[in-house]
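These notes are about the structure you will find just below.
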There are 2 protein chains.
Amino acid sequence: MTVDDEVLAARVVLGWIVEPGNRELYHLVSQAGPVEALARVVSGNAPKTLAAAAAARLRHHEPARIAGHLLSRAQRLGVRIVVPESEEWPSCLDDLSRISLPTHDRFDRDTFPPHAIWVRGTERLDRLAARSVAIVGARDCTDYGAHLAADFAYGLATRGWAIISGGAYGIDAAAHRGCLAAQGHTVAVLACGVDQPYPPSNTGLFEHIASSGLVISEWPPESAPHRHRFIIRNRVIAALARGTVLVEAALRSGARNTLRRARQLGRPALVVPGKATSEQSAGCHAELRQEGDLRPRLVTRVEHVLEEIGEIGVDLAEPERGPARPQDTLDGPELQLFDAAPKRGAITPAEFAARAGVGLLEALAVLPSLALRGHLRMHPDGTYSLAPPQRDRA
Amino acid sequence: MTVDDEVLAARVVLGWIVEPGNRELYHLVSQAGPVEALARVVSGNAPKTLAAAAAARLRHHEPARIAGHLLSRAQRLGVRIVVPESEEWPSCLDDLSRISLPTHDRFDRDTFPPHAIWVRGTERLDRLAARSVAIVGARDCTDYGAHLAADFAYGLATRGWAIISGGAYGIDAAAHRGCLAAQGHTVAVLACGVDQPYPPSNTGLFEHIASSGLVISEWPPESAPHRHRFIIRNRVIAALARGTVLVEAALRSGARNTLRRARQLGRPALVVPGKATSEQSAGCHAELRQEGDLRPRLVTRVEHVLEEIGEIGVDLAEPERGPARPQDTLDGPELQLFDAAPKRGAITPAEFAARAGVGLLEALAVLPSLALRGHLRMHPDGTYSLAPPQRDRA
């Protein structure tokens, strides 16, 4: 299936005129289709805010020329454009049409799906998204956080999961790198044009990502990474992935917003704890302190993540156990009698009963069983002592 | 109110014959009273397990002599005995009669209130318990855990809360010491006689605790710290305190059992996180990973603990905030326009509108307001630029 040229051009121009996620534009396109929606926005026959934005943006520009310019720029850069009409469109993004909140906060109102995704890299976006985990967190992370982000990404990548993140310094970069180290596929979702790697010092990382995974953006080439765009962008990270892991986040970290979007989408929202005294984990802990359904799940190992996002019956975490001791299997009177054994020497069943506070008959019944199982040793005179400790065979 | 001598003696002997928490003995005493209950247990006119335990324990002993011996030993040691008939009895312990679980696990069946508490120290147990927090955790703790336990204890003690713990190495000892450092009252709940400080190297600590707080036990003097007694004891730590804080615990730590008892009692169960990679926090994290009502609350600061256990309207934690930036108050088009300001130089409202993706009229309305509030600077030619950063007055 190839996308109609006119539809593609309309989506591209609409995405250039109005910041992504816009509620009114999404509804207009849903009703009228992208070509007619663009015509209405340009002619002023659209909700006032859309018409006003179009008038401002198109003051010195003509829609058809914009489309031509951006499309040819994409071609020169080797960037393709994935729109809802494309076969490669990840349908998980459409879930974003359901999370808009009744609020005056623009960022919670305008959480609708993108109109177009600009893509660098040869992998198919829909296929990577279908088996992917987002790992996000603070730019200003600690070595501990970077280490964990890389470890989670590496472990998930070796199990065939793609890693989605935001391409920022710190946790994002560590997650991308951990995935690359496992020869996995990673997707960097930028808040600016894919031709404007931000931060600039991650340029080498973006080249590496694009060569084996994808660098993508809702914004056309040449778009700058304005501050508000990072929050708009976060919803796409959360919507592409099956679940989102927050590794380190200070109280004000924007990564908490990505986690929130995952929760709003009904996807697993997972949080790695840190030291109670670490400012870089304070945002993680604040999330984990939420009450009720809002509370994300604490994870400390890759297996915990797989348990939340994996197919049912697959990828389930082994129950955690500390090192086993022989007496751990004992309970009730057995344990009481075992504990009553003197450190040195042997005593009679009656002495055992008195020390353990159990009946003599019970002691007479239980002690032979403890001896049979190697916890105690029975002596020829009918007394019992502790069995010598067993060593594991070397 | 003084306790009848016969009642006190009966309670003392019952507590010596049967391990504390026993379900059958609790019901028998509730029905028949302690004096009659003892007579029935000794004569064999009682549930089989009780009669058998009595027969084993009393093989070489006579009840009246046991009572006399223990009471005179207590007097020599300066230890008093608090029973449910005493004015000093902490009524919060009676809640233990409601948590027994329908199970064959002895430790979950036999969680009933103590028959007697042996007390060293001059403070009143009921008064300390009424405003107390339990802080428990691993013996084998890290410096991080010990530091936090001491910090929580210190902070709570300075706000007038007593600290309850188990007198063990590690987290317990750090909690007691943190409380003592704040000149607070701390209560060590032992799993052996109060004349047998365990671990022995904490003897100095126990002396210090007894001089300003309390060292207590359900077991009479001369009782040894058998392993199973620590688990039986834990229910008393949880039941005395208004809430329980678990600081560091490996997966198999017995302190998790204390937290579980707090939860079963419907008291706040609070857990301090640690590094995801720390084995000494793995038990804490496993608790925080519980689903539903069983899940304890994560805490990282004294204020979080007070929020859970404090009187309503008192001790509420201040909401947490990171450092504030002037533009944090901006939202929607205001933030978009602010972000669209060039780093250097001034631009026109029309240029702002185009860069920000908002309508020109909106830009014309919003920019003067941003300038008034000091975010932007307006120039005589009608253009706007970023305002120079404001410094806090030194």
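Quick note: the coordinates plus some simple rules give every number you see, no bench work behind them. Nothing here was measured: the structure is a model prediction, and the numbers come from that model. When we count neighbours, we look across all protein chains shown, and the Cβ atoms used for this are built from the backbone with ideal geometry, even at glycine.
Could you tell me which of rounded, prolate or oblate describes the protein assembly as shown, using a ≥ b ≥ c as the square roots of the eigenvalues of the alpha-carbon gyration tensor, with rounded for a/c under 1.5 and, failing that, prolate when a/b is larger than b/c and oblate otherwise?
Working: a/c = 3.29, a/b = 2.38, b/c = 1.38.
It comes out prolate by the Cα gyration axes.
For the range A:116-309, the spread of Cα positions along the three principal axes, ordered from largest to smallest, is 41, 34, 31 Å.
Among bridges DSSP assigns within chain B, what percent are antiparallel (round to 5)?
Numbers: 10 of 29 bridges.
Bridges in chain B that DSSP calls antiparallel: roughly 35 percent.
Projecting the Cα atoms of A:His228, A:Ile164, A:Ala249 onto the dipole axis of the range A:116-309, where Lys and Arg carry +1 and Asp and Glu carry -1 at the beta carbon, places A:His228 farthest toward the positive end. Tell me whether chain A comes out rounded, prolate or oblate; compute the Cα gyration tensor, take square roots of the eigenvalues as a ≥ b ≥ c, and use a/c under 1.5 as the rounded threshold. Judged from the Cα gyration tensor, chain A comes out prolate (a/c at least 1.5, a/b above b/c). Here's how it looks for A:Ala387: its modeled amide H is under 5 Å from those of A:Leu376, A:Arg377, which are all 5 or more places away or on a different chain. The modelled label-to-label distance for the pair A:Glu207/B:Glu222, using points 7 Å beyond Cα in the direction of Cβ, is 8.3 nm. Distance from the B-onto-A rotation axis is smallest for the Cβ of the chain B residue given, in whole Å, as B:Pro273, 2. Magnitude of the charge dipole for chain A, about its Cα centre and with charges confined to Cβ atoms of Lys, Arg (+1) and Asp, Glu (-1), is about 760 debye.
Using the membrane-span-like helix rule (whole DSSP H runs, Cα extent along the own axis of at least 24 Å, mean Kyte-Doolittle hydropathy at least -0.5), which helices of chain B qualify?
On the way: long enough: none.
Correct list, ordered by number: empty.
Comparing B:Ala153, B:Cys141, B:Trp118 along the charge dipole axis of the range B:108-164, the residue lying farthest to the positive side is B:Trp118, per the Cβ-charge model. Of the trypsin sites (Lys or Arg not before Pro) found in the range B:327-381, those in coil by DSSP whose Cβ has at most 10 other Cβ atoms within 10 Å are B:Lys343, B:Arg344.
Dividing the summed helix terms, -39500 (n - 2.57) for each DSSP H run of n ≥ 4, by the number of residues in chain A produces a 222 nm estimate of -13500 deg cm²/dmol to the nearest 500.
Calculate how many DSSP beta bridges within the protein assembly as shown are antiparallel, expressed in % of all such bridges and rounded to the nearest 5.
Numbers: 20 of 58 bridges.
Once the DSSP bridges in the protein assembly as shown are tallied, antiparallel ones form about 35 percent.
Straight Cα distances below 19 angstrom link B:Lys275 to the lysines A:Lys275, with same-chain residues fewer than 8 positions distant left out. Considering only A:Leu294, A:Leu360, A:Leu101, the Gaussian network model of chain A with Cα springs below 10 Å gives its largest mean-square fluctuation to A:Leu360. Close amide H pairs (under 5 Å, H built 1.01 Å from N) link A:Val271 with A:Leu246, A:Arg297, A:Leu298, A:Val299, residues at least 5 positions away or on another chain. Other residues lying with their Cβ under 9 Å from the Cβ of B:Val302 contribute a combined charge of 0, Lys and Arg counting +1, Asp and Glu -1. Pairs of Cα atoms nearer than 8 Å and 6+ residues apart set the relative contact order; for the range B:116-309 it is 22 percent.
Under a Cβ-only charge scheme (Lys and Arg +1, Asp and Glu -1), can you give me the dipole magnitude of the protein assembly as shown about the Cα centre, in debye to the nearest 20?
The dipole magnitude comes to about 840 debye.
Of B:Ala188, B:Ala134, B:Ala276, the residue with the greatest mean-square motion in the GNM of chain B, using alpha carbon springs below 10 Å, is B:Ala276.
Looking at the range A:89-227 alone, DSSP beta bridges between its own residues are antiparallel in about 25 percent of cases. Under 1.5 on a/c is rounded, so check that first for the range A:326-386, then, if it is not, pick prolate when a/b is larger than b/c and oblate when it is not; a ≥ b ≥ c are the square roots of the alpha carbon gyration tensor eigenvalues. Rounded, because the longest to shortest axis ratio a/c is under 1.5.
Across the range A:190-201, computed HN-Hα scalar couplings (Karplus, 6.51 cos²θ - 1.76 cosθ + 1.60, θ = phi - 60°) run 8, 9, 8, x, 5, 8, 10, x, 9, x, x, 6 Hz from first to last residue, x flagging Gly and Pro. Comparing A:Leu50, A:Leu240, A:Leu214 in a Gaussian network model of chain A where C-alpha atoms under 10 Å apart are linked, the largest mean-square fluctuation is found at A:Leu50.
Find how many whole Å separate the alpha carbon centroid of the range B:1-19 from the alpha carbon centroid of the range A:222-296. Centre-to-centre (Cα) distance: 58 Å.
Database remark: amide H of A:Val187 closer than 5 angstrom to the amide H of A:Ile163, A:Ile164, A:Ser165, A:Leu214 (H placed geometrically; neighbours at sequence offset of 5 or more, or on other chains; Pro and chain starts carry no H).
Think of each Lys and Arg Cβ as +1 and each Asp and Glu Cβ as -1; about the Cα centre, that makes the dipole of the range A:116-309 roughly 420 debye.
Between the range B:191-213 and the range A:99-169, what's the alpha-carbon centroid distance in Å? The distance from the Cα centre of the range B:191-213 to that of the range A:99-169 comes to 54 Å.
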